[in-house]
Amino acid sequence: MDKAQKGKYIHSYVIAASCFCIQAVGIGVYVSYGVLINPLISEFGWPRASIAGASSVAFLLMGLLGIIVGRLNDRFGPRKLMTVGGAFFGLGYLLLSRLDTIWQLYLFFGVVFGIGLSSIDVIALSTIARWFVNKRGVVTGIVKVGTGAGQVIFPFLASIFITSYGWRNSCVIIGGVALVMLVSIAQLLRRDPSLMGLSSDWDKGNSTGTKDLADEGFSLREALRTWQFWTICASILTILFCLMTVLVHIVPFAQDIKVSPTKAAGVLSAIGGTSIAGRFISGIAIDRIGSKTVMIFGFILLIAGLLWLQIATALWMLYFFAVIYGIAHGGFFTVMSPIVAEFFGIKSHGALFGIVMFCGTFGGAVGPVLAGYIFDTTAEYAGAIWICTLMSALGFALISLLKPLAGSKTRSR
């Protein structure tokens, strides 16, 4: 292997590692918002639903802008988009340190941070889908392990920082680190391997095959006319309704049953740690048994976990929940991009994945606010957990009905 070819070969690993880090920083910092809820209640006395609402705005904006980001990524590539997104992402947390009123919370976290958040999933996962075909599932799983690592590290660090330095200084530290890391990582990204003289899956041959693969699959208009696409969108909506409700409210839920703030944050970190196994296992399984089957197993675990949460009254029970739920959580976030590629190819993957994620983020935006409202009116989470259980059952039914497309241009299982 000559020196130039070796450099191209190594860049495949650089792409995978860069997307891993984007996921770790982006999602890790986002879920750390749950650690801020009680400090904000203590200082300002705002209702829990109002504070959770800012997270929902950020998540909904992530999905809405993700459609645009996906289309731009298909055309122009990820480097410039991730640079701009990383700057907004870090700036949102930096501005939180100056927070005084509820409208500022929605502006700083909901809007500014939400703009940055829109780049995290679509850019990283769409780039991986373009760089890897035969290894798409396993590499996506490895990249999504980054999300789990971020969920372990950042909420735990945020809890320590808040205890030691106060929540305002903690926002400065977290925001500054996130901004520098994401903007730096962005400079390593390239849209697809043809730009590096490579074909997919680390093949060091010429790039012709990759250019052909880039044109494989359904156009945006063709995919939008299929019931399979909208079934996937609806199932992802139910998934994120449940997952985001748990991520935002599990820390205050734990504190409500007399778990200390640090140990409550530890439950969130435990979910992140367990989800690493879920991401890795599901990544391997996707390549072997297909995305649909992986999603079915995920729904079974999610429903079981939510039923267990209804009776959880002690710390050990929350950690048991974290194990069951964490595996499902990791599997779901790993399978979302590959299932779009399996059914519709990569020709318009960025745009299609952006639409799928918007549908998901709509559910993810509604869930935490509804759970907060239910708690504010009933002083407990039981009703919210039952609603999540029913949504999970609906998602299970939808994905079970999913059939391969007639005359599919891609490999679907």
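Within the set 143, 133, 152, the sole residue that is among the hydrophobic types (A, V, I, L, M, F, W, C), more than 15 Å from residue 32 (Cβ to Cβ) and in contact with a Ser or Thr (Cβ under 7 Å, 6 or more places away or on another chain) turns out to be 133. Selection of first residues in the range 72-100 that are on the phi > 0 side of the Ramachandran plot and of second residues that are basic (Lys, Arg) and assigned to a helix (DSSP H, G or I), restricted to Cβ pairs under 9 Å at least 6 apart or on distinct chains, gives an empty result.
Given the criterion in contact with a Leu (Cβ under 9 Å, 6 or more places away or on another chain), in a helix (DSSP H, G or I) and among the β-branched types (Val, Ile, Thr), identify the matching residue among 163, 127, 147. Walk me through it before giving the result.
On the way: 163 fails: in contact with a Leu (Cβ under 9 Å, 6 or more places away or on another chain); 147 fails: in contact with a Leu (Cβ under 9 Å, 6 or more places away or on another chain).
Criteria check complete, one pass: 127.
If you go through the range 313-347 and pick out every residue that is buried (at least 24 other Cβ atoms within 10 Å of the Cβ), at pLDDT below 90 and among the aromatic types (Phe, Trp, Tyr), you end up with 3.
Which residue is farthest from the chain's Cα centre (by Cα), if the candidates are limited to the range 33-55 and must be within 17 Å of residue 167 (Cα to Cα) and not in a helix (DSSP H, G or I)? For the range 33-55, the residue satisfying everything is 45. Of all residues in the range 102-131, those satisfying the criterion of being more than 19 Å from residue 31 (Cβ to Cβ) and touching a residue at least 60 places away in the same chain (Cβ under 8 Å) are 126, 127, 128, 129, 130, 131. Filtering the range 348-383 to residues that are buried (at least 24 other Cβ atoms within 10 Å of the Cβ), farther than 11 Å from residue 236 by Cα and aliphatic (A, V, I, L, M) leaves 351, 352, 365, 371.
Between 223, 270, 254, 265, the distinction of being within 18 Å of residue 371 (Cβ to Cβ), among the small types (Gly, Ala, Ser) and assigned to a helix (DSSP H, G or I) belongs to 254 only.
Close contacts from the range 375-392, counting a first residue that is within 14 Å of residue 308 (Cα to Cα) and at pLDDT below 90 and a second that is among the β-branched types (Val, Ile, Thr) and in a helix (DSSP H, G or I), with Cβ to Cβ under 8 Å and a gap of 6+ residues or different chains, come to 381/374.
When 355, 324, 385, 339 are checked against the criterion of being part of a helix (DSSP H, G or I) and within 17 Å of residue 252 (Cβ to Cβ), 385 stands alone in meeting it. For the range 213-235, the set of residues classified as of a type in the set (A, V, I, L, M), crowded, with 22+ Cβ neighbours inside 10 Å and touching a Ser or Thr at 6+ places or on another chain (Cβ under 9 Å) consists of 223 only. Counting only residues that are on the phi > 0 side of the Ramachandran plot and modelled with pLDDT of 85 or more, the range 238-267 holds 0 of them.
The values are calculated or read from the model by the stated rules, or taken from the named source; none is laboratory data. As the structure is a computational prediction, the values presented were derived from the model and not from experiment. Glycine also receives a Cβ, built like all others from the backbone with ideal geometry; neighbour counts cover every protein chain displayed.
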